[in-house]
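Asks: First the structure, then my questions, so here it is.
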Amino acid sequence: MRRGFGLGDLFVVITAIMWASSFTVIKSAYDEFTPLAFAAVRFVAATGGMLVLLALLRRPLSVARRDLPLAAVFGILHVGLYQIFFSTGLRFTTATNSVLIINVSPVITALMVWLTRAEPITWRQGAGIGLAMLGTLTLVQAGGALAGGHLKGDALTFLAAASYAVTPVLVLPLLRRYATITVMGVGMLFGTLLLVVAAVPELLRQSWDVSTAAWAQLAYAAFGAGTLGYLFWYEGIGRIGPTRVAAYGYLIPVLGVAIAVTVLREAFTPVHALGAAVTLVGVTLTRWPGRRARDRRPVEIPAEGTILDVPVEGEPARVAE
């Protein structure tokens, strides 16, 4: 029987709105914060919130010694490098381009899986990869980036998407042995440490005499889109299942673009619309279940709301406990 819209759906929709709006919120905060200073303070606060959340849920913040290096690499890629590239890239590009480029991560993951021969790609996935890349190039060209424009920001944002795209396959062994929130907590500690070290020059230059609005934007990004978003997302998975949650993920790029265009007055021409449509069709085709769909399980690892599918052998990944 089909289930109606319930509390689990509401949690996920709220999270999708928070993650979609975070691109605009962070971009606006750059009027008073430098990108890496903002990201470092944000994730120190978000990590603190995650530790409180772990304590409230009585989850351990520990993994076996043999798994610690993998958890560290996961955190360095998923939080550290991702935030360094994403935050710096957003300074030099639009929030519209950022949200759409970040959401091609599933395409990059599928391409990496194919290049490493871990799994063959279907014709749908091949077509999806091509369309997503074509759509992304169209978006970049629409902003004049190939002629100068936002090229630096778009390139850095693409590196952020690539950093994130590695993590679902990388983290899969950990998700089989530990609760997802435990893996996220340990990973955030390592990633935030790298982020803080990289941000030291900007932290020293940053003027902390900023407006109340700027502090509110930082708090929203840290505790709203950060800690509270994770809590709601995983609560949604527990209530309605990962497949239904994944469907709501498509709201994020659509809402992200709509919010950026409305609030920041960013340009959105017919060429932007064409690039966005082609990109989203490409992402959808890349994630379309093939003949081996029964052997795949969605792995939800939020990075401003991106959702990826990765191949699973043996037991399903523990996406919620």
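Asks: Only one of Arg91, Arg58, Arg42 is among the basic types (Lys, Arg), more than 25 Å from Val169 (Cα to Cα) and modelled with pLDDT under 90. Can you tell me which?
Replies: Unique residue meeting the criteria: Arg58.
Asks: Sticking with this one: What are the residues in the stretch 21-62 that are buried (at least 18 other Cβ atoms within 10 Å of the Cβ), out of contact with any Ser or Thr (no Cβ under 7 Å at 6 or more places or on another chain) and of a type in the set (Val, Ile, Thr), if any?
Replies: Result: Thr24, Val25, Ile26, Thr34, Val41.
Asks: Which helices (runs of 4 or more DSSP H) sit wholly inside the stretch 51-133 and have at least 1 residues that are in contact with a strand residue (DSSP E or B) (Cβ under 7 Å, 6 or more places away or on another chain) and closer than 18 Å to Thr279 by Cα?
Replies: Here the list reads 105-115.
Asks: Whether any residue in the stretch 238-258 is surrounded by fewer than 16 Cβ atoms within 10 Å (Cβ to Cβ), farther than 19 Å from Thr34 by Cβ, over 19 Å from the mean Cα position of the chain (by Cα) and at pLDDT 85 or above is what I want to check.
Replies: no
Asks: On to the next question. Report the residue count in the stretch 1-46 for those that are under 15 Å from Val210 (Cβ atoms) and aromatic (Phe, Trp, Tyr).
Replies: 3
Asks: Being under 30 Å from Gly8 (Cα atoms), buried (at least 20 other Cβ atoms within 10 Å of the Cβ) and touching a Gly at 6+ places or on another chain (Cβ under 9 Å), is that true of even one residue in the stretch 193-207?
Replies: No: zero hits.
Asks: Given (1) charged (D, E, K, R); (2) under 14 Å from Met188 (Cβ atoms); (3) in a helix (DSSP H, G or I), identify the lone condition not met by Lys27.
Replies: For Lys27, the failing item is (2).
The values are calculated or read from the model by the stated rules, or taken from the named source; none is laboratory data. From a predicted model like this one, the values you see are computed outputs, not experimental measurements. Glycine also receives a Cβ, built like all others from the backbone with ideal geometry; neighbour counts cover every protein chain displayed.
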